Amino acid sequence: MNAINYNEIYKEFQLGKVVIAGPCAVESQEQVNRLAQKLSKLGIKFFRAGAFKPRTSPRTFQGMGTDGLKLIKKAATDNGLFVVSEIMDSIELENCYDMIDIIQVGSRSMAAYGFLKRVGKATAKDGKPVLLKRGFNATLQELIYASEYIMNEGNQNILLCLRGIRTFEQIDSEMRFTPDLASILELKDKTGLPVIFDPSHSSGDSKYVEQLAKAALFLGANGLLVEVHDEPEKALSDGKQAILPDVLNEIIKFSHNI
Ligand code: PEP
Ligand code: MN
């Protein structure tokens, strides 16, 4: 057992403007080491990277699984960072629990109520924060109910994450989803829970990420979840929406000054 106080970590998010950053997916030990080092130098404390990837097509890169998570954990530990990573099922939850500091429940899992209950039960013992992403087809009330499934099992440390929704915009918009920025205001109001905004999946395009991130902070988001890569053209997933560390630095500076 490690001695991390997860209630203290959760408090940082309640205070606000926490930036979680890292690549969409772990690709190799070298890649996560390199990125963890660059991001920690920018002052990042929470390192995101996926090992279990919920890809729309089963024929694309699915992530490196448990072995990949070990690489993420090593890179984070070596650089003094906390791990934020997605878990998609109960077996992964059991096997990988100790390697993750903030359990991410993805947009596609938001309505998996049995899984939400298991996540709630597993995290109740140490209060490990759960970052619950809004289903891209879910209403705000459905997101709130999903958070209650977790909280009812005994863990109140929930981070709600807005990550874009599918609307009529997608018929001809170049963005991957419609950034649900205004919901930051309403969700904070209705729940009192920390609200995190994900400008990367919201827009799907690195050219929009900096401005969306700043807008979210301006609206009072408690934090951001941002995909960063230093070689986005070589990324195995979501390279198009990954910003460079230099751009992240602009967002971090803005977060300190707002
Ligand atoms: C992610 O954060 O890497 C991810 C897959 O996000 P979402 O569940 O919002 O699609
Ligand atoms: Mn991604």
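Nothing in this text is a laboratory measurement; each read-out follows from the coordinates by a stated rule. Keep in mind it's a predicted model, so treat the numbers as computed, not measured. Using ideal geometry, Cβ is built from the backbone for each residue, glycine included, and neighbour counts are taken over all protein chains shown.
Pick out, in residue order, every one of the trypsin sites (Lys or Arg not before Pro) in the range 161-258 that is DSSP loop and has at most 14 other C-beta atoms within 10 Å; say none if there are none.
Numbers: sites: Arg163, Arg166, Arg176, Lys188, Lys190, Lys207, Lys214, Lys234, Lys240, Lys253; in loops: Arg163, Arg166, Arg176.
Loop-located and lightly packed - Arg166.
Roughly how large, in nm² to one decimal, is the mean projection of the convex hull of the alpha-carbon atoms in the range 62-197? Walk me through the intermediate numbers first.
Values: hull surface 36.2 nm².
If I average the Cα hull's projected area over directions, I get 9.0 nm².
For the range 1-95, which trypsin sites (Lys or Arg not before Pro) pass both filters: DSSP loop (anything but H, G, I, E, B) and at most 13 other C-beta atoms within 10 Å? It would help to have the intermediate numbers written out before the result.
On the way: sites: Lys11, Lys17, Arg34, Lys38, Lys41, Lys45, Arg48, Arg55, Arg59, Lys70, Lys73, Lys74; in loops: Lys17, Lys45, Arg55, Arg59.
Passing sites in the range 1-95 are Arg59.
Kindly work out what percent of the DSSP beta bridges joining two residues of the chain are antiparallel, to the nearest 5.
Of those bridges, close to 5 percent are antiparallel.
Over every pair of different alpha-carbon atoms in the range 6-256, take the mean of 1/r and invert it; report that Kirkwood radius in Å. Before the final figure, lay out each step's value.
On the way: mean 1/r = 0.0565 Å⁻¹.
When all Cα pairs of the range 6-256 are included, the Kirkwood radius is 17.7 Å.
What value, in deg cm²/dmol to 500, does the helix sum -39500 (n - 2.57) over DSSP H runs of n ≥ 4 give at 222 nm once divided by the residues of the chain?
Values: 10 runs with 108 residues, N = 258.
My calculation for the chain gives -12500 deg cm²/dmol from helical runs alone.
Multiplying the sequence separation of Asp98 and Glu231 by 0.36 nm and subtracting their Cα-Cα distance, what value in nm do you get? Walk me through the numbers before you get to the answer.
On the way: separation 133, 0.36 × 133 = 47.88 nm, distance 2.93 nm.
That pair, Asp98 and Glu231, stretches by 44.9 nm at full extension.
What's the FRET efficiency of Gln14 with Arg108 using the Cβ-Cβ distance as r and R₀ = 30 Å, to the nearest 0.05?
Details: r = 27 Å, r/R0 = 0.90.
Using R0 = 30 Å, I get an efficiency of 0.65.
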